[in-house]
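What follows is a short report on a single structure.
The values are calculated or read from the model by the stated rules, or taken from the named source; none is laboratory data. Remember, it's a predicted structure, so these values are computed and weren't measured experimentally. Using ideal geometry, Cβ is built from the backbone for each residue, glycine included, and neighbour counts are taken over all protein chains shown.
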Amino acid sequence: MRAFLGLPLPLLVNLVGSLLGFAATVTLIPAFRGHFIAARLCGRDLNKRGQELIPESQGVISGAVFLILLFCFIPVPFLNCFVEEQCKAFPHHEFVALIGALLAICCMIFLGFADDVLNLRWRHKLLLPTAASLPLLMVYFTNFGNTTIVVPKPFRPILGLHLDLGILYYVYMGLLAVFCTNAINILAGINGLEAGQSLVISASIIVFNLVELEGDCRDDHVFSLYFMIPFFFTTLGLLYHNW
């Protein structure tokens, strides 16, 4: 399905939904301000004058908007399969990958909010993200199962062009989930730093995906954009209130 500017129709639907998600995030954060303060999920802005209480844990609102957007978006990439004549075979592997990614993201958002409420210890913060990444790792194992990596040029004379990591590949991906979550979370306390860093990272990934749309791995980059575009705009709405 081709649409405006040569982009696939699902991406344009995703973009429109993301803009609505931005507006929803900007609107809902002040709307729920009183609820968070009443639940004592609040603090004082040490970077500004005055002692007014401000709500904390607002990432759960942008996270909820993000999930709702993508839950509604689930059928859009598969619209062709609602018309028998246009559907050769339902892409079950893409559908499972989409659902698996959403499940892992949902678990991460839940763990982030639980940390704010329960003040989890560091040993929990190290173990729980690994467990939350298991659905995604299982989807990758069943759909692809490729554990071979391209060796960096300085090490190719020793290890060769490719190296099969085997089970260590999945160990690495689980540890990467721990790093990604805590690398952002550890910056909490400085206005706009967490949301700002996430915004810069997502913007760079979006630019890379768009540049690579004409390459050999087009479908992979389109799949990445399904998540990155809503994440960018919902995070932008969070950053608007996070200065």
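Structure above, values below:
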| read-out | value |
| --- | --- |
| Subset tally (residues that are without any contact (Cβ under 8 Å) to a residue 12 or more places away in the chain and in contact with a Leu (Cβ under 9 Å, 6 or more places away or on another chain)) for segment 132-151 | 0 |
| Filtered residue count, segment 108-125, keeping only those that are part of a helix (DSSP H, G or I) and within 18 Å of Gly63 (Cβ to Cβ) | 12 |
| Meets criteria (touching a Phe, Trp or Tyr at 6+ places or on another chain (Cβ under 8 Å), under 22 Å from Ser57 (Cα atoms) and in a helix (DSSP H, G or I)) for Leu128 | no |
| Residue satisfying all of: in segment 32-82; over 26 Å from Ser18 (Cβ atoms) and among the aliphatic types (A, V, I, L, M); modelled with the lowest pLDDT among these | Leu46 |
| Top-ranked residue in segment 215-240 [being over 12 Å from Leu70 (Cβ atoms), touching a Leu at 6+ places or on another chain (Cβ under 8 Å) and not hydrophobic (A, V, I, L, M, F, W, C); ranked as surrounded by the fewest Cβ atoms within 10 Å (Cβ to Cβ)] | His221 |
| Every pair of residues 6+ apart whose Cβ atoms lie under 9 Å, when the first sits in segment 34-49 and is free of Cβ contacts under 8 Å to residues at least 12 places away in the same chain while the second is in a helix (DSSP H, G or I) | Ala39/Val117 |
| Near pairs, Cβ below 6 angstrom, 6+ apart or cross-chain, from segment 1-25 (within 20 Å of Leu79 (Cα to Cα) and surrounded by 20 or more Cβ atoms within 10 Å (Cβ to Cβ)) to any residue that is among the hydroxyl-bearing types (Ser, Thr, Tyr) and at pLDDT 90 or above | Asn14/Tyr226 |
| Selection status of Gly189, at pLDDT below 90, more than 27 Å from Leu11 (Cα to Cα) and surrounded by fewer than 13 Cβ atoms within 10 Å (Cβ to Cβ) | yes |
